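Structure first, then comments.
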Amino acid sequence: MQLKIGIIGLGRIGRIHYNHIRQQLPEAEIVMVSDVNKNELPSDVQQGEVDELIGHPAIDAVVICSPTDTHAQYVEQCARAGKHVFCEKPLDLSLARIRETLQVVRQHNIQLMLGFNRRFDANFMKLKALVDAGKIGDVQLVKITSRDPAPPSVDYLVRSGGLFLDMTIHDFDMARYVMGKEVKEVYAAASVLTGGAVAEAGDIDTAVVTLKFEDDSIAVIDNSRKAVYGYDQRVEVFGSKGMANVENNKPDSHVYYHEDGVESALPLHFFMERYTGSYLTEMRAFIQAVQAKQRVPVGGTDGLKAAMIAVAAQRSFSENVPVRVEAVAS
């Protein structure tokens, strides 16, 4: 039986999921889509308002790709209507609101998966498999580099929740995923170095965050909103038995040697190119989990824990002190 799906929000991410389900996931069917911009909706599928979509009797699951400030409300509506949910991160910018929503999800016993797509990147999955197989030994240090090619617009930035909740939250989840441990303490240093839209929005664009885990192992994350050479995504795991790392993906693997130096292709330009495969893999994982009535691989608690680390990072940056994650738990 095909899983019947509705999609709320047909922006960049929504379009990716829409195309994957329509073209590459025959185990699911899109019944209806909804977006505030009616002119951008595809004409070959039924369109409707959000309430109509969530209440549609034929829809089994809803994919939420609307702005962050709508996520919690829509997830709760879906839960009360008995619809399973795939929701892009974060669930909300408020930890209290996230907890309220997760309580509604539990009360109505639906599946909720959060869109931490980097877990489903083939290279990062291989790195995680090496860790789980004991090939790295006792993991002592993880280093994550995550840099965007250019800052988003001011309109996006002022609604994003800031760099830690919007961008670095992916890296916080990746650190937990790779290490298989919980973070106990966060220290963040950050600056505004590119100016422009970031400064206008009152956000930061450059950061280094140190995470200390429950066994005192460490992760170091560096972020930038502006890497002129492209989308910089690298991970290294170091442990008692060795090291494994994942470098950037490039459009080709050529290296040109000549008398003035060595040249090769730049990294893929942005997340839509870099993580296309991971978006497909994560959506397939969601569909299969719902169909098989199994636990989704990235649940609401994972989203809450990543958000708690992000809030601790914000507080650490503001106060210039290490912050224990348990201190932001209440």
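Determine the distance separating the Cα centre of segment 43-96 from the Cα centre of segment 126-179; give it in Å without decimals.
25
Starting with the highest mean, order 291-298, 280-287 by the number of other Cβ atoms within 10 Å, averaged over the residues of each peptide.
On the way: 291-298: 14.0, 280-287: 21.6.
Descending mean neighbour count gives 280-287, 291-298.
For segment 61-131, what's the radius of gyration and Dmax over Cα atoms, in angstrom?
Spelled out, the Cα radius of gyration and Dmax of segment 61-131 are 13.7, 41 Å.
Applying a 10 Å radius around every beta-carbon, put 178-187, 192-201 in order of their mean neighbour count, most first. Write out the running numbers ahead of the final one.
Details: 178-187: 18.9, 192-201: 16.0.
Going from most to least packed, we get 178-187, 192-201.
How do 238-247, 67-76, 203-212 rank on mean C-beta neighbours within 10 Å, highest first?
Per-residue mean Cβ counts within 10 Å order the peptides as 203-212, 67-76, 238-247.
Can you give me the long-range amide H partners of LYS89? Hydrogens built in the peptide plane at 1.01 Å from N, cutoff under 5 Å, separation of 5 or more residues or another chain.
GLY115
Distance cut-off 25 Å, Cα to Cα: go down the list LYS226/LYS250; LYS4/LYS38; LYS128/LYS241; LYS4/LYS126; LYS89/LYS184 and report the pairs above it.
Working: LYS226/LYS250 18 Å; LYS4/LYS38 22 Å; LYS128/LYS241 15 Å; LYS4/LYS126 31 Å; LYS89/LYS184 22 Å.
Result: LYS4/LYS126 exceed 25 Å.
How high is the relative contact order of the chain, given as a whole-number percent (alpha carbon pairs under 8 Å, six or more residues apart)? List each step's numbers first, then the result.
Working: 659 pairs, mean separation 61.8, N = 330.
Rounded, it is 19 percent for the chain.
Using a 1.4 Å probe, what is the accessible area per residue for segment 1-121, in Å²?
On the way: 5090 Å² over 121 residues.
Computed with neighbouring chains in place, this is 42 Å² per residue.
Which whole-angstrom value gives the distance between the alpha carbon centres of segment 216-255 and segment 277-330?
Result: 20 Å between the Cα centres.
Is segment 181-330 rounded, prolate or oblate when judged by the Cα gyration tensor, a ≥ b ≥ c being the square roots of its eigenvalues, rounded requiring a/c under 1.5 and prolate requiring a/b larger than b/c?
Details: a/c = 1.64, a/b = 1.18, b/c = 1.39.
The shape class here is oblate.
Assign one of three labels to segment 101-250, namely rounded, prolate or oblate, based on the Cα gyration tensor with a ≥ b ≥ c the square roots of its eigenvalues; rounded applies when a/c is under 1.5, prolate when it is not and a/b is larger than b/c, and oblate otherwise. Mind showing how you got there, number by number?
Values: a/c = 1.77, a/b = 1.26, b/c = 1.41.
In terms of gyration-tensor shape, oblate.
How large are Rg and Dmax for segment 165-208 when calculated on the C-alpha trace, in angstrom?
That works out to 13.0, 38 Å for Rg and Dmax.
What is segment 155-282's relative contact order, in percent, from Cα pairs under 8 angstrom and six or more apart in sequence? Working shown, then result.
Values: 157 pairs, mean separation 20.2, N = 128.
Relative contact order, segment 155-282: 16 percent.
How high is the relative contact order of segment 3-77, in percent, counting Cα pairs under 8 Å that sit 6 or more residues apart?
Values: 117 pairs, mean separation 30.8, N = 75.
Value for segment 3-77: 41 percent.
I'd like the FRET efficiency for ARG159 and LYS135, computed as 1/(1 + (r/R0)^6) with the beta carbon distance as r and R0 of 45 Å, rounded to 0.05. Could the numbers behind the result be given before it?
Details: r = 42 Å, r/R0 = 0.93.
Taking R0 as 45 Å, the efficiency between ARG159 and LYS135 is 0.60.
How big is the equivalent ellipsoid of the chain along its three axes, where each semi-axis is √(5λ) from the Cα gyration tensor, reported in whole Å from largest to smallest?
Working: eigenvalues 200, 113, 91 Å².
In descending order, the three semi-axes are 32, 24, 21 Å.
Among DSSP beta bridges lying fully in segment 21-113, give the percent that are antiparallel, nearest 5.
Values: 0 of 8 bridges.
Around 0 percent of the beta bridges assigned by DSSP in segment 21-113 are antiparallel ones.
Which of the three applies to segment 1-93, rounded, prolate or oblate, going by the alpha-carbon gyration tensor with a ≥ b ≥ c and a/c under 1.5 meaning rounded? Kindly include the intermediate steps, with their values, before the conclusion.
Values: a/c = 1.39, a/b = 1.16, b/c = 1.20.
Rounded is the answer for segment 1-93, as its axis ratio a/c remains below 1.5.
Report the Cα-based extents of segment 23-147 along its three principal axes, largest first, to the nearest Å.
The Cα atoms of segment 23-147 stretch 52, 37, 29 Å along the principal axes, largest first.
Report the convex hull volume per residue for segment 231-295, counting only C-alpha atoms, in Å³. Working shown, then result.
Values: hull volume 9.4 nm³, N = 65.
Per residue, the Cα convex hull of segment 231-295 comes to 145 Å³.
Looking only at the chain, where both bridge partners belong to it, what percent of the DSSP beta bridges are antiparallel (to the nearest 5)?
Working: 34 of 60 bridges.
The antiparallel fraction comes to roughly 55 percent.
With unit charges on the beta carbon (Lys/Arg positive, Asp/Glu negative), name the residue among GLY162, GLY137, GLY180 whose Cα is farthest towards the positive pole of the charge dipole of segment 111-255.
Looking along the dipole axis, the top candidate is GLY137.
The values are calculated or read from the model by the stated rules, or taken from the named source; none is laboratory data. Remember, it's a predicted structure, so these values are computed and weren't measured experimentally. Backbone-built Cβ (ideal geometry, glycine too); neighbour counts: all protein chains shown. Ligands, DNA and RNA are excluded from the accessible area calculation, which covers all protein heavy atoms including side chains. Shrake-Rupley method; radii C 1.70, N 1.55, O 1.52, S 1.80 Å.
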